[in-house]
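Coordinate-derived values only; no laboratory data. All of these numbers come straight from a predicted model, not from anything done at the bench. Every residue, glycine as well, gets a Cβ built from its backbone with ideal geometry; the counts of neighbours run over all protein chains shown.
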Amino acid sequence: MTAPLQTADAPVPGTPGRRDDRVGGGLLDPKQLLASLPDALRKLDPRTLWRNPVMLIVEIGALFTTVLAVADPSVFAIAITVWLWLTVIFANLAEAVAEGRGKAQADTLRRAKQDSVATRLVGWTPGAAANGYRDEAVPAPQLRQGDVVLVEAGQVIPGDGDVVEGIASVDESAITGESAPVIRESGGDRSAVTGGTRVLSDRIVVRITQKPGESFIDRMIALVEGANRQKTPNEIALNILLAALTIIFLLAVVTLQPMAIFAKGYQAAASDTAAITDSGVTGVVLVSLLVCLIPTTIGALLSAIGIAGMDRLVQRNVLAMSGRAVEAAGDVNTLLLDKTGTITLGNRQAAEFLPVTGVDAATLADAAQLSSLADETPEGRSVVVLAKNEYGLREREPGLIPHATFVPFTAQARMSGVDLDAGGDVRRVRKGAAAAVTKWVRDNGGRPTEQVGELVDAISGTGGTPLVVAEHVAGEPARALGVIHLKDVVKAGMRERFDEMRRMGIRTVMITGDNPRTAKAIADEAGVDDFLAEATPEDKLALIRKEQEGGRLVAMTGDGTNDAPALAQADVGVAMNTGTSAAKEAGNMVDLDSDPTKLIEIVEIGKQLLITRGALTTFSIANDIAKYFAIIPAMFAGIYPSLDRLNVMRLAGPESAILSAVVFNAIVIVALIPLALRGVRYRPASASMLLRRNLWLYGLGGIVVPFAGIKLIDLLVQFVPGIS
Amino acid sequence: MSMTTAGVLFVLSLVAALVAVHRPFGDHMYRVVAGTRSSRVERGIYRLVGVDPAAEQTWGVYARSVLAFSAVSLLFLYAFQRLQNHLWLSLGFDPVVPHGAWNTAVSFVTNTNWQWYSGESTMGHLVQMAGLAVQNFVSAAVGIAVAVALVRGFARSRTGELGNFWVDLTRVTLRILLPIAVLGALALMLGGVVQNLSGGTDVTTLTGGAQTVTGGPVASQEVIKELGTNGGGFYNANSAHPFENPTAWTNWLEIFLILVIPFSLPRVFGRMVGQKRQGYAIVAVMAILALAGIALTNVFELTGDGTVPQAVGAALEGKEVRFDVSNSATFAAATTLTSTGAVNSFHDSYTALGGMMTLGNMMLGEVAPGGVGAGLYGLLILAVITVFVAGLMVGRTPEYLGKKIGSREIKLASMYFLVTPALVLTGTAAAFATGNASTALNAGPHGLSEVLYAFTSASNNNGSAFAGLTVNTPWWNTALGLCMLLGRFLPVIFVLALAGSLARQQPTPASEGTLPTHRPLFVGMVVGVTVVLVALTFLPALALGPLAEGL
């Protein structure tokens, strides 16, 4: 397993901390079960329960046995009735616990959503003179789309919008959990601000983009609470299958009655039992059989699995605007990843020093370091680091070198350097873009050798950036000392990640503005499957369309306004929270950490969600086999003694056998709640491997576990007085 | 040679023959259904019925064509029986009673061939030849056509069109069924099966009694009875009758004819979807289930419990001695594993568990290998359900051959799957609840098996009878007729609707993340899903019938 890649590691306040598992979830606290009990009881209302037909049937069955138990009380009837009610309650509990975890997060978010008073600027236009508009105080909830407000240091931003004037540092910890402030400024891709966050310094003018009551925080609250949760396509399909199975078992149980009456009539001499009388199988037993057969396990846990899946995303600071998007993430065939920041570190770094003939490497390193001391760009700092690491040159503080005049890096001069005045003997060292430094050498009477040109071309050829280092000692012609090779550094662990992706059947495509040659070099190094070089937003959109034409699902991340069309077109579009409002609107997920590698985790969570459903469905159906072996001999061995051969578990008596099956059926729901909430373990692997593993675990396990479970329960239940 | 060795060799020789034939024959069928050229005869037929062979049909039109054709066939067959006394070659028989005519009309149109009557004493030659035998051809062709339409749904993308029912029907009849039927009939005649238009020969028996021996166009009907997995015998005794099935090798040939089309259709499937290995996977599922069914039926019969079977070494009651136990048990398994329903021995007389196997073979939903066409589409439905559960377990929206199995697909597959269990169980329960089950010969578990068998056979369009149940009452004829009708056409509608929704989809290209549906793991899973679903559905009923009797 590779190390987690995300850098921002702070959990959302109020959520359990992240675990090491890549796709794990929060642990289940027993206290949560207790706390959710009132909610679980409230959910017994049939008007709530009708959305879950499997459990509704259990409830109707429980009502029926309650009537029977009241009319004709016996220990057996009462025990079955109690456990049938518990079955429904346990199912509700699973859902309530899953929802409860979201509620805690929602409360934290609500605190951020305090109602503030905003300063609305009326008549404001960009660049308007101060007297061209007036301001007025308006309660934040009354702000409309298009209103312009002024927010000053210490104030809470009253709604979602874009900064149209000014720059400020903003504390967004209320939604991201990240305590370090972020910069928000007008124009560009960092203009979006979120209502409920606080301006720490300066003042900004914000144009509100949200409709009243539909702010980002409002949507977040609705999402984590699971309010108006829509069933996802796979969930709907699974529900249909479960409904069909329920109908089959309903038929099997109902049609059994005339056959049972016929059989009992044939063996009229057989005495009545708790299970079967002359009027057929007793109601309590018939309901028990039905409840044991219909897929209650998956029926009980299905909605909890869905809620918990969304919750796992929220714990990773990803907000999915719909469950459909989470499911689509599991189906993704093609992953578009921006090169910079996702595959490579944000900036190029010095990788080696290439001296020209006649200059030794240490001299070049020394000159490179000297000339970079005043270069505060990441590239410049990386030169200093390389000199230290490779040649043991300690970093010299600019102030510690006597008689030195530093020339800082500027974008215009495209070079930096230092002038050393050793008693009138001035030595000038420069480092910078090849063209700029070569010109400087010429201007100072030198002639760059052809070798410099060759080195520069060689580096450019491999996709790197060459920086030329030169010196000029007074009285001599200037000369080039050598070349620094700057290159993109692929983040650690990316190749392994992409290998995993490939095993999962996902193709990775790197998107970059670099030329094809550079792009290819990095693509090869990172191990992505393909790349799109010199990519414009239109190219991205075209690529997504082309992939989708071929039936593939595409996921991508983006932050800029020009990413918006592609984000909207992609099946899974993850917008960075630092990005523009347009990007956030267009995508169907927002990553609050603004970590582009998060996409990989989102895919895994999507898959895990589906696997959990499939695994528990298999488990649920496989369970029925053992239940038959418990219930059928219990029902009919009284009339056909040979059927006792089916009692392979050697359960004590018919009543204890049936009760044990019902108890097992209920307990297994509670036992699986943690699994439903956490999701089954997922490791990236091919479909065949996953199927084999899950089939053994949940298919074979589903057959074996109930045999053991029912037997164990029977060992206890048979001692209950009044149970035969 | 011991009885067991003989039985094993018999089965192995069948397996070898099917392995050898299914590829070339499947390829031939593929060319028939995928081709575009029409022969002169076919063009004549299209002109006659006013069909443009180049026009494709959407699923709705295809389904309406199937239903319209079947409805016309049904009415025609009903009228034929009711009016037979006015027609030639009626042999002087009266018109068939209304409820019986309805039952038989439905029975032959649905490829079930459930027979409440004795053919030789109820139907004239013309009804048998021009009515029943014709339906033996076209009802089989309808099954193949529907299966082909479903496969087109998988093979095609972004289209609403599934082919042309009339073209499929014509081609399958003329180019697949008819040529083999002619050859097969000749082979059977060589083996001693009768073929004439005699009204019966009066003979004096050894003991001096007078007997009329009915002849008729038997071989021609016999061959399509097996080839089209129909099963309706010319004689009441069906393939146990020496004029239908005289020797051990005609017995072998008849079993081969029963199995050859159902086992070759997966090849057509593989060819049409462009991945032969997908066809091999389907045929593997069929073969595993079929071999298990045949083996278990044989085991239960050869090691039969009970005083008499143990005395003679096997359960011989109800079996022809010229076939012996194993060849009878293998025939019984083959006829119930396919929706044929022809019999060469009496399933009612089988051991309790052997009888349960014939029941269980049908309860699988006639998919191993099932009826012509119906077996393939039934198994593909089960594969879709398996893909759905397995697909979720690999973390993707389930897809089969690149087609996503979403809520519409799973809804149609579920409804398909619901039909037969619903008919079998409600029918059986209704028979007991209304007291109509009392026509069963036996009481107790065996009586329950007899009733359960009748509804299982009718609803799965098998048509074999357990015997021991009197069904020529208005209630039984009506109820079983309804089961046959709904058991055939509701699934057909769901299958075609599924085909329509699959054909519209753009397939997702396969990747490492796609569930492979051609590997042993998946094959095993389909087998498991089929068996478990059947077991879970029918175990309570079986417990009160054959299990109570046999354990």
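Here are the numbers for this structure:
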| read-out | value |
| --- | --- |
| R0 of 22 Å, Cβ-Cβ distance A:ASN347-A:ALA542: FRET efficiency to nearest 0.05 | 0.15 |
| Positive dipole terminus of the protein assembly as shown, leading residue within B:PRO262, A:LEU286, A:GLY453 (C-beta point charges) | B:PRO262 |
| Relative contact order, percent, chain B [alpha-carbon distance under 8 Å, six or more residues apart] | 20 percent |
| Spin-label model distance (nm) - A:ASP443 vs B:SER349, 7 Å beyond Cα toward Cβ | 11.4 nm |
| Lysine pairs with alpha-carbon atoms under 24 Å apart, chain B, spacing 8 or more or separate chains | 4 |
| Amide H partners (placed H, <5 Å) of B:LYS403, local residues excluded | B:THR508 |
| Potential lengthening between B:LEU9 and B:VAL72 on full extension [0.36 nm per residue; Cα-Cα distance subtracted] | 18.2 nm |
| Which of B:ALA479, B:ALA433, B:VAL389, positive extreme of dipole for the stretch B:376-550 (C-beta unit charges) | B:VAL389 |
| HN-Hα J in Hz across the stretch A:243-259 - Karplus 6.51, -1.76, 1.60, θ = phi - 60°, x for Gly and Pro | 5, 5, 4, 4, 4, 4, 5, 4, 4, 4, 6, 5, 6, 5, 4, x, 5 |
| Estimated [θ] at 222 nm from DSSP helical runs (n ≥ 4, -39500 (n - 2.57)) normalised by residues in chain A, nearest 500 | -15000 deg cm²/dmol |
| Cut-off 18 Å, label 7 Å out along Cα→Cβ of A:SER460, residues of the stretch A:404-424 by amide N | A:414-415 |
| For the stretch A:508-513, Karplus couplings with θ = phi - 60° (6.51, -1.76, 1.60), whole Hz, Gly/Pro x | 9, 10, 8, 10, 8, x |
| Residue-averaged beta-carbon neighbours from other chains (10 angstrom radius) around A:631-641 | 3 |
| Shielding score for B:532-541, defined as the mean number of other chain Cβ atoms within 10 Å | 6 |
| Over 18 Å between alpha carbons, listed pairs A:LYS339/A:LYS598; A:LYS339/A:LYS540; A:LYS264/A:LYS627 | A:LYS264/A:LYS627 |
| Within chain B, helix-based [θ] at 222 nm, where runs of 4 or more DSSP H residues each add -39,500 (n - 2.57), nearest 500 | -20500 deg cm²/dmol |
| Reachable lysines from A:LYS439, criterion Cα separation under 17 angstrom, eight or more residues apart if same chain | A:LYS431 |
| Signed unit charges on C-beta, dipole axis of chain A, positive-most listed residue A:LEU592, A:GLN230, A:ALA634 | A:ALA634 |
| The protein assembly as shown: antiparallel DSSP beta bridges as a percent of all, rounded to 5 | 80 percent |
| Relative contact order of the stretch A:242-304, defined on C-alpha pairs under 8 angstrom at six or more residues apart (%) | 40 percent |
| Simple Cβ-charge dipole of the stretch B:376-550, Lys/Arg +1 and Asp/Glu -1, about Cα centre, in debye nearest 20 | 560 debye |
| Amide proton proximity set for A:PHE406, modelled H, under 5 Å, gap of 5+ | A:ASP419 |
| Loop-located trypsin sites (Lys or Arg not before Pro) in the stretch A:326-431 whose Cβ has at most 12 other Cβ within 10 Å (DSSP) | A:ARG394 |
| Relative contact order computed over the stretch B:376-550 (Cα-Cα under 8 Å; 6+ residues apart), in percent | 32 percent |
| Long-range HN-HN contacts of A:VAL164 with modeled amide H, under 5 Å | A:VAL205, A:VAL206, A:ARG207 |
| Hydrodynamic radius of the protein assembly as shown per Kirkwood, over alpha carbon pairs, in Å | 35.5 Å |
| In order through the stretch A:416-428: 3J(HN,Hα) via Karplus (6.51 cos²θ - 1.76 cosθ + 1.60), integer Hz, x for Gly, Pro | 9, x, 8, 10, 9, 9, 9, x, x, 8, 7, 10, 10 |
| About the Cα centre, charge dipole magnitude for the protein assembly as shown (Lys/Arg +1, Asp/Glu -1 at Cβ), debye | 1380 debye |
| Rounded tilt (10° steps) of A:537-549 against the dominant C-alpha axis of chain A | 30 degrees |
| Whole-Å distance, taken between Cα centres, linking the stretch A:491-524 and the stretch B:137-193 | 51 Å |
| Bins of 10 Å, starting at 0 and running to the largest distance - Cα pair percent for chain B | 4, 19, 30, 28, 14, 4, 1, 0 |
| Trypsin sites (Lys or Arg not before Pro) within the stretch B:6-109: DSSP coil, no more than 15 neighbouring Cβ in 10 Å | B:ARG37 |
| For chain B, size of Cβ-based charge dipole, Lys and Arg +1, Asp and Glu -1, in debye | 2280 debye |
| Rounded to 10°, Cα long-axis angle of helix A:53-71 versus longest principal axis of chain A | 30 degrees |
